[in-house]
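The values are calculated or read from the model by the stated rules, or taken from the named source; none is laboratory data. None of the values given here were measured: they were computed from a predicted structure. Neighbour counts are summed over all protein chains in view; Cβ atoms, including those assigned to glycine, are modelled from backbone coordinates with ideal geometry. The accessibility values were calculated without ligands, DNA or RNA, using every heavy atom of the protein model including side chains. Shrake-Rupley method; radii C 1.70, N 1.55, O 1.52, S 1.80 Å.
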Amino acid sequence: MSPAAEHARKLIPSVDEIIGAQADLLSSQLQAMSEALFPPTSKKVLRKFTSGEAARLISISDSTLRKMTLAGEGPQPYLASNGRRLYTLAQINEIRQLLAESLRGRDRIDVVPHRRPGEHLQVVAVTNFKGGSGKTTTSAHLAQYLALQGYRVLAVDLDPQASLSALLGVLPETEVLANQTLYAAIRYDDHKKSLKEVIRTTYFDGLDLVPGNLELMEFEHTTPKALTSGGQMRDGLFFTRVAKALDDVADQYDIVVIDCPPQLGFLTLSGLCAAATAMVVTVHPQMLDIASMSQFLLMTRDLLGVVRDAGGELKYDFVRYLLTRFEPQDAPQTKVAALLRNMFDDFVLTNTMVKSAAVSDAGLTKQTLYEIGRESLTRSTYDRAMESLQAVNGEIEGLIKAAWGRA
């Protein structure tokens, strides 16, 4: 090669340099878009709820809520320009507590559904290793739904891509620093922290977050070293570390929702093996996705079997498949859905999460359906998506209650 050609070759950037430059460009653009939607000086704020919405969430009539306001009982609502009464979620929870203290003929858990003595912490792992199955969307909406019902909820972002963190108002690239993810509580060295030091409150009253970012990948790299060196034994086997981290904060929560990574690595196994009491597998009802899920289940069986042989306890209150992005008018999808129901019967949730522009439109601004409100979209589109969402989350809540022995 001539000197001129050699010089020209050196001027051409290598693949890693090209990818690095593109990553920096994309990251800066995403940051700029995020700052335009949510300026650095502000934080995400949950919308206020109308008196009708608040009454439905508390399970009382709007007239009862109005009487409480007129009598000066509980927090006073905000008045909109049109005269409508508006409540924050924190105010709704305050009213719940007030009602629970003066209940007659109703069980306290009907209003404030916190765990009672003897009811174990519910840890719901949402998983699948196929991207695009709606895993993070399902996790975010489930966690928010449960918080709206009055439960104390902890969302754990176990995915290094950290989409759940972004949805819940924490930017993984700029707002999550070193040793501020779940990795800080499960690492093998002397920099280990208690999970209490990592948890963040969110703008959603009753919902806290353990954020994620790329740092979580360190667990995939350090675990093999610990396995070969015996270093993992000091604080337990790798698949018990997430459960032990949750033990530190178990008394503060009723339900934990874990958004698992889209692969079967040490992180996912740790979440599924020792921490989880329930598993929800999201499934897009198309043949390619079903084939991928088949491989996922085979690999899960083999890996969980190895963990069980090593002493891991695998007892779930429930395992369910959730059909996501479902289009009832799509004949191939309905056939796949029927196939799954014929094979797995009650293991497939009765309700499905329909494909909806409402969900994707909300996602453009890093929001969920519970955040945007009915007035932000075409009402029929919003109502259809919300009806599906409420049915799915209500069914999962019913399974959690059944695991606690509640009617």
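Within the range 149-169, find all residues whose amide N lies under 20 Å from a label point positioned 7 Å from the Cα of Glu175 along Cα-to-beta-carbon.
Only 153-169 pass the distance filter.
Compute the helix-to-body angle for 89-100: its Cα long axis versus the longest principal axis of the chain, expressed 0 to 90° and rounded to tens.
Helix 89-100 sits at roughly 50 degrees to that axis.
When the solvent-accessible surface of protein heavy atoms is calculated with a 1.4 angstrom probe, in what order do Asp107, Asp190 fall, highest first? Don't jump to the answer; show the numbers that get you there.
Working: Asp107 75, Asp190 135 Å².
The ordering from most to least exposed comes out as Asp190, Asp107.
Computed on alpha carbon atoms, what radius of gyration and Dmax characterise the chain, expressed in Å?
Radius of gyration, then largest Cα-Cα span, for the chain: 23.2, 92 Å.
Rg to Rh ratio, the range 166-270, alpha-carbon atoms and Kirkwood radius?
Values: Rg = 13.7 Å, Rh = 14.4 Å.
In the range 166-270, Rg relative to Rh is 0.95.
Under a straight-distance cross-link criterion of Cα-Cα below 23 Å, which lysines are reachable from Lys67, leaving out those fewer than 8 residues away in the same chain?
Candidates past the 8-residue exclusion: Lys48.
Describe numerically, in nm with one decimal, the distance between label points set 7 Å from Cα along Cα→Cβ at Ala357 and at Val319.
About 3.9 nm separates the two model spin labels.
What is the angle, in °, between the Cα long axis of helix 379-404 and the longest principal axis of the Cα atoms in the chain? Nearest 10 is fine, range 0 to 90.
Here the helix axis deviates by roughly 90 degrees.
Using r as the Cβ-Cβ distance of Leu98 and Asp383, and R0 as 35 Å, what FRET efficiency do you calculate, to the nearest 0.05?
0.70
Along the range 152-158, what does the Karplus equation 6.51 cos²θ - 1.76 cosθ + 1.60 (θ = phi - 60°) give for ³J(HN,Hα), rounded to whole Hz, x for Gly and Pro?
Values per residue, Gly and Pro as x: 8, 10, 10, 9, 10, 8, 9 Hz.
What is the packing order of peptides 289-298, 47-56, 206-215, taking the mean over residues of other C-beta atoms within 10 Å and listing the highest first?
Numbers: 289-298: 15.1, 47-56: 17.9, 206-215: 23.1.
Going from most to least packed, we get 206-215, 47-56, 289-298.
Between the helical axis of 217-229 and the dominant principal axis of the chain, each derived from Cα atoms, what acute angle in degrees is found, rounded to the nearest 10?
60
Could you compute how much accessible surface Leu79 exposes when probed at 1.4 Å, giving the result in Å² to the nearest 10?
For Leu79, the solvent-accessible surface is approximately 130 Å².
Write down the percent of antiparallel bridges among all DSSP beta bridges whose residues are both part of the chain, to the nearest 5. Present the calculation step by step, with values, prior to reporting the outcome.
Values: 6 of 32 bridges.
Once the DSSP bridges in the chain are tallied, antiparallel ones form about 20 percent.
For the range 238-255, in order, what is each residue's ³J(HN,Hα) by Karplus, 6.51 cos²θ - 1.76 cosθ + 1.60 with θ = phi - 60°, in whole Hz (x at glycine and Pro)?
Working through the residues one at a time gives 4, 7, 9, 6, 5, 4, 5, 5, 5, 4, 5, 10, 4, 5, 8, 9, 9, 9 Hz.
What accessible surface, in Å², does a 1.4 Å probe find on Arg187, ignoring ligands, DNA and RNA and rounding to the nearest 10?
My reading of the accessible area for Arg187 is about 30 Å².
How do the peptides 331-338, 397-404 rank, highest first, by the average count of neighbouring beta carbon atoms within 10 Å per residue? Before the final figure, lay out the partial values.
Values: 331-338: 14.4, 397-404: 16.0.
Top of the packing list down: 397-404, 331-338.
Report relative contact order for the chain in percent, whole number only (criteria: Cα-Cα under 8 Å, sequence separation at least 6). Walk me through the numbers on the way to the answer.
Details: 603 pairs, mean separation 66.5, N = 407.
Relative contact order comes out at 16 percent.
Tell me, what is the 1.4 Å probe accessible area of Val306, in Å² to the nearest 10?
Result for Val306: roughly 90 Å² accessible.
Using the Cβ atoms and a cut-off under 12 Å, what net charge is assigned to the surroundings of Ala178, where Lys and Arg are +1 and Asp and Glu are -1? Display every interim value, and only then the final one.
Details: positive: Arg187, Lys193; negative: Glu215, Glu218.
Here the charged neighbours net out to 0.
Sort His284, His221 by accessible area with a 1.4 Å probe, largest first. The partial results should precede the final answer.
On the way: His284 15, His221 100 Å².
So, going from the largest accessible area down, we get His221, His284.
Per-residue counts of other Cβ atoms within 10 Å, averaged by peptide: what ranking do you get for 64-73, 173-182, highest first? Intermediate results must be reported in sequence, preceding the final value.
On the way: 64-73: 13.2, 173-182: 17.6.
Per-residue Cβ counts within 10 Å, averaged per peptide and sorted highest first, yield 173-182, 64-73.
Rank Met299, Met353 by accessible area, highest first, at a 1.4 Å probe radius?
Numbers: Met299 80, Met353 25 Å².
Descending order: Met299, Met353.
With the cut-off at 29 Å, tell me which of the pairs Lys335/Lys366; Lys355/Lys401; Lys315/Lys366; Lys44/Lys355 have Cα atoms farther apart than that. Write down the numbers at each step before the final one.
Values: Lys335/Lys366 33 Å; Lys355/Lys401 27 Å; Lys315/Lys366 35 Å; Lys44/Lys355 26 Å.
The pairs that break the limit, which is 29 Å between Cα atoms, are Lys335/Lys366; Lys315/Lys366.
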